[in-house]
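Below: the structure, in structure tokens.
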Amino acid sequence: METNNIKPISVIVFIDWFYPAYKAGGPIKSISNMVESLKDNLQFTIVTSNRDIDASIIDVPVNVRVQKDGFNIVYT
């Protein structure tokens, strides 16, 4: 019996800030490390803002899904 058609579990992570934002520090790094270590077994989508913690705007595509390093990011 072949099991290649099994879809990975999808996980959506909602976080106020994510890369390339960096000023929020630890939470960004923690989520990044979690996704990096689990992305081979889970399908991640990160939903985040297009701003850093100081409200500065980050130059990223907004309201579209961006694929990066084996996971998806949606900046809002």
Q.
As I understand it, the value is the acute angle between the Cα axis of helix 26-38 and the longest principal axis of the Cα atoms of the chain; what does it come to in degrees, rounded to 10?
A. 20
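So, with +1 on the Cβ of K and R and -1 on the Cβ of D and E, and no other charges, what is the size of the charge dipole of the chain about its Cα centre, to the nearest 20 debye?
Dipole of the chain, to the nearest 20 debye: 80 debye.
How do I9, I53 line up, fewest other C-beta atoms within 10 Å first?
I9, I53
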Q.
What distance in nm lies between label points placed 7 Å from Cα along the C-beta direction at K68 and K7?
A. 2.5
Q: Treating cross-link reach as a plain straight distance, find the aspartates and glutamates whose alpha-carbon is under 19 Å from the alpha-carbon of K23, omitting any fewer than eight places away in the same chain.
A: D52, D54, D59
Q) Can you work out the FRET efficiency for the pair I53 and S32, with r the C-beta to C-beta distance and R0 = 22 Å, to the nearest 0.05? A) 0.90
Q | Gain in span if fully extended, Y19 to T45, counting 0.36 nm per residue against the direct Cα distance | A | 8.0 nm
Q. Scattering from the C-alpha atoms of the chain alone, worked out with Debye: what is log10 I(q)/I(0) at q = 0.15 1/Å?
A. -0.51
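Computed from the coordinates by the stated procedures, all read-outs in this text should not be read as laboratory data. Given the structure is predicted, the values throughout are model-derived calculations rather than measurements. Cβ coordinates were reconstructed from backbone atoms using ideal geometry, including for glycine residues, and neighbour counts include every protein chain displayed.
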